[in-house]
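To keep things clear, I will list the structure first and then write my remarks on it.
The values are calculated or read from the model by the stated rules, or taken from the named source; none is laboratory data. Please read all numbers here as calculations on a predicted model, not as lab measurements. FYI the Cβ positions are ideal-geometry reconstructions off the backbone, even for glycines, and counts take in every protein chain you see. What goes into the accessible areas is simple: the full protein's heavy atoms, side chains included, and nothing from ligands, DNA or RNA. Shrake-Rupley method; radii C 1.70, N 1.55, O 1.52, S 1.80 Å.
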Amino acid sequence: MKKFINNNDDFLKESLTGFGKAHSDIINVNLDASFVSRKNKTKDGKVSLISGGGSGHEPMHGGFVGHGMLDAACPGFVFSAPTPDQMQAAAEHVDSGAGVLFIVKNYSGDIMNFEMGAEMYSGKNDSIITNDDVAVEDSTFTTGRRGVAATVLVEKIVGSLAEHSGSLEECKKLGEKVNKNAGTMGVAFTSCTVPAAGKPTFDIGDDEMEFGVGIHGEPGRKREKIQPSKTIVGNILEAILDNLKPEKNERNLLFVNGMGGTPLTELYLVYEDACQILQSKGIEVTKSLVGNYCTSLEMQGASITLLKCDDEILKHWDAPVHTAAMRWGM
Amino acid sequence: MSVSFLISQAKSVQKVIDENSAEIEVLDQKIGDGDHIFNIQRGLKLVVELEDAIKDLPLAKALNMIAMKVLSGIGGSSGALFGTFFMTMAKSSDLDKDVDFNKACEMIISGIKAMKERGKADVGEKTMMDVLLPVSEKLNELKNESEFKPGLNEVIKIAEERMLSTKDMLATKGRASFLGERAKGHIDPGARSSQLIIDTICKSVINN
């Protein structure tokens with residue numbers, strides 16, 4: 001294992017501390033019951049959005065704390081759900097009286113811990129569960145589809161509604177709509193290495209790829225020989241379109257997400273391939289996002305997310321945002 | 001059941017889990033994301049380290065401290081499930097009186113029931129519940145027997161059989177899935193760690 005690491009026990013703490021210093025203009029990092037929160041207190045009457053999950057997917061979720069997106073994020077150990085006391089402490093810290101909406105990816109550990117956190121928090125709260133991964137219906141450790149890259153889009157779009165005085169119920173409703181309108185599938189060329197394990201999570205040949213991989217390196221649909229980008233992208237889009245069935249001329253957001261170890265050069269190539277294929281099918285790409293947003297440590301690979309957009313979604317997508325990992329309009 | 005019993009069991013379980021950690025890690029990497037063994041080891045370490053803080057406390061308070069430590073210190077599914085287990089045990093009535101075998105069984109049974117509700121998993125879904133639920137049923141049969149040691153040998157056997165039975169199960173309930181098929185042929189890591197915990201504690205009770 002070659003990583004920037006001092007000792008395993010301090011890995012997360014040291015990384016979070018650095019994150020806090022690097023972005024001290026917009027966020028604070030709390031280490032005792034760890035959570036990342038906005039530097040400025042949530043304004044009165046604004047619904048607070050809290051997400052979280054295992055670490056190793058950076059910039060998700062801490063990198064999305066700030067104006068127009070999350071109010072707090074709770075990082076667990078690498079690939080392990082955070083604990084209920086983190087959610088409780090974060091909620092108590094950020095709730096300004098309008099309630100808390102927890103945004104949870106559909107993994108059993110995350111669901112259980114967020115459920116317990118919500119039970120322990122006495123204030124008004126509700127949750128939405130993201131499950132955009134069309135690769136598998138049932139994975140090894142979830143019931144139903146996994147929540148992956150579209151969680152970023154949910155956090156951005158609902159974050160804007162909350163900033164524009166959306167109520168807890170309205171925020172939940174919009175989040176569920178975005179989740180339902182989105183489909184994601186990923187491919188991995190290499191494994192990732194969890195620091196505590198010290199060796200790759202799975203073995204994969206130099207000429208192989210895992211089609212439909214999850215964001216922890218857990219298996220997907222099948223192991224295949226590597227193919228030209230156009231073929232891979234075509235197969236991913238076929239799976240997504242089968243599932244989403246967008247109407248011709250419907251407006252869409254195309255999101256190419258890097259898994260951590262694939263250079264942007266390749267991600268833009270994937271974006272170009274995807275645009276051409278979608279265009280040939282009469283599917284309109286209105287908005288774009290390309291980059292490493294929901295990663296799996298150093299894994300090489302990418303996921304593609306398609307989000308069907310209406311006026312409400314587009315308005316909140318374009319609204320100003322200022323976080324460590326996403327910033328426009330301000 | 002006493003606080004000193006809990007501490008000594010935690011130490012024995014820690015030793016056995018450490019001895020089998022490589023096997024559990026590989027199982028989880030085959031069908032999961034590889035965090036289970038680290039979570040279990042971290043949890044056991046935290047509980048063993050609680051010794052000085054809890055050794056003179058009443059049982060209910062000690063169980064509660066263990067629950068909070070497990071809940072806040074582990075993370076993942078294991079933290080939520082085992083935290084729920086200890087929290088439920090801590091809420092049992094009459095813990096200030098002597099906790100005999102019958103009472104201990106009832107506490108464990110209610111703890112496992114709460115884990116089932118938290119995890120929403122039943123037998124046959126390739127999880128730790130495949131081991132824990134049948135063990136709980138057996139304890140329910142055994143709890144009123146005056147001579148319970150032979151029964152504990154059966155518990156050990158049930159746990160092992162049920163652990164092995166997860167090998168050929170699909171990963172999740174009902175719905176066929178590509179991944180479900182691919183998960184076949186591997187024992188569930190949570191079932192394996194739970195079986196090792198049960199095996200260690202039962203053997204220790206039988207030999208005392």
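Cβ contacts < 6 Å: first residue open to solvent by less than 60 Å² (accessible area, probe 1.4 Å), restricted to segment A:225-254; second residue of a type in the set (Val, Ile, Thr) and assigned to a helix (DSSP H, G or I), any location; separation 6+ or different chain. Result? So the pair list comes out as A:VAL233/A:VAL270; A:GLY234/A:ILE277; A:LEU237/A:ILE277. If you go through segment A:268-289 and keep only what is in a strand (DSSP E or B), of a type outside the set (Asp, Glu) and under 19 Å from A:GLU247 (Cβ atoms), you end up with A:VAL285, A:THR286, A:LYS287.
Selection within segment A:173-189: residues that are touching a residue at least 40 places away in the same chain (Cβ under 8 Å) and open to solvent by 10 Å² or more (accessible area, probe 1.4 Å). The member of this set that is farthest from A:VAL47 (Cα to Cα) is A:PHE189. Being assigned to a strand (DSSP E or B) and either free of Cβ contacts under 8 Å to residues at least 24 places away in the same chain or open to solvent by less than 10 Å² (accessible area, probe 1.4 Å) (or both) is the filter here, so list the residues in segment A:290-308 that pass it. Once the filter is applied, which keeps residues that are assigned to a strand (DSSP E or B) and either free of Cβ contacts under 8 Å to residues at least 24 places away in the same chain or open to solvent by less than 10 Å² (accessible area, probe 1.4 Å) (or both), segment A:290-308 yields A:GLY291, A:GLY301, A:SER303, A:ILE304, A:THR305, A:LEU306, A:LEU307.
Any residue at all in segment B:13-32 that is buried (at least 22 other Cβ atoms within 10 Å of the Cβ), at pLDDT 95 or above and among the small types (Gly, Ala, Ser)? There is no residue in segment B:13-32 that is buried (at least 22 other Cβ atoms within 10 Å of the Cβ), at pLDDT 95 or above and among the small types (Gly, Ala, Ser).
Among the residues that make up segment A:72-79, is at least one of them more than 24 Å from A:SER165 (Cα to Cα), free of Cβ contacts under 8 Å to residues at least 40 places away in the same chain, of a type outside the set (A, V, I, L, M) and within 12 Å of chain B (Cβ to nearest Cβ)? Within segment A:72-79, one or more residues are more than 24 Å from A:SER165 (Cα to Cα), free of Cβ contacts under 8 Å to residues at least 40 places away in the same chain, of a type outside the set (A, V, I, L, M) and within 12 Å of chain B (Cβ to nearest Cβ).
Tallying residues that are in a strand (DSSP E or B) and at pLDDT 95 or above within segment A:77-110 yields 6.
If you go through segment B:87-98 one residue at a time, do you hit one that is open to solvent by less than 40 Å² (accessible area, probe 1.4 Å) and under 18 Å from A:PRO75 (Cα atoms)? No, because not a single residue in segment B:87-98 is open to solvent by less than 40 Å² (accessible area, probe 1.4 Å) and under 18 Å from A:PRO75 (Cα atoms).
If the condition is being at the interface with another protein chain (Cβ under 8 Å from one of its Cβ atoms), part of a helix (DSSP H, G or I) and among the β-branched types (Val, Ile, Thr), then segment B:53-91 contributes only B:THR84.
B:GLU51 meets the conditions (1) charged (D, E, K, R); (2) more than 30 Å from A:LEU31 (Cα to Cα); (3) modelled with pLDDT of 95 or more in every case but one. The failed one is (2).
A quick yes/no check of all residues on (1) under 20 Å from A:LYS105 (Cα atoms); (2) at pLDDT 90 or above; (3) touching a strand residue (DSSP E or B) at 6+ places or on another chain (Cβ under 7 Å); (4) within 14 Å of chain B (Cβ to nearest Cβ):
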{"site": "A:VAL152", "(1), (2), (3), (4)": "yes, yes, no, no"}
{"site": "A:GLU155", "(1), (2), (3), (4)": "yes, yes, yes, no"}
{"site": "A:CYS171", "(1), (2), (3), (4)": "yes, yes, yes, no"}
{"site": "A:ASN181", "(1), (2), (3), (4)": "yes, yes, yes, no"}
{"site": "A:LYS225", "(1), (2), (3), (4)": "no, yes, yes, no"}
{"site": "A:PRO228", "(1), (2), (3), (4)": "no, yes, no, no"}
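For segment B:127-139, residues that are within 15 Å of B:ASP168 (Cα to Cα) and open to solvent by 10 Å² or more (accessible area, probe 1.4 Å) total 2.
Looking across segment A:209-222, the residues that are touching a strand residue (DSSP E or B) at 6+ places or on another chain (Cβ under 6 Å) and of a type outside the set (Gly, Ala, Ser) come down to A:MET209, A:GLU210, A:PHE211, A:VAL213, A:ARG221, A:LYS222.
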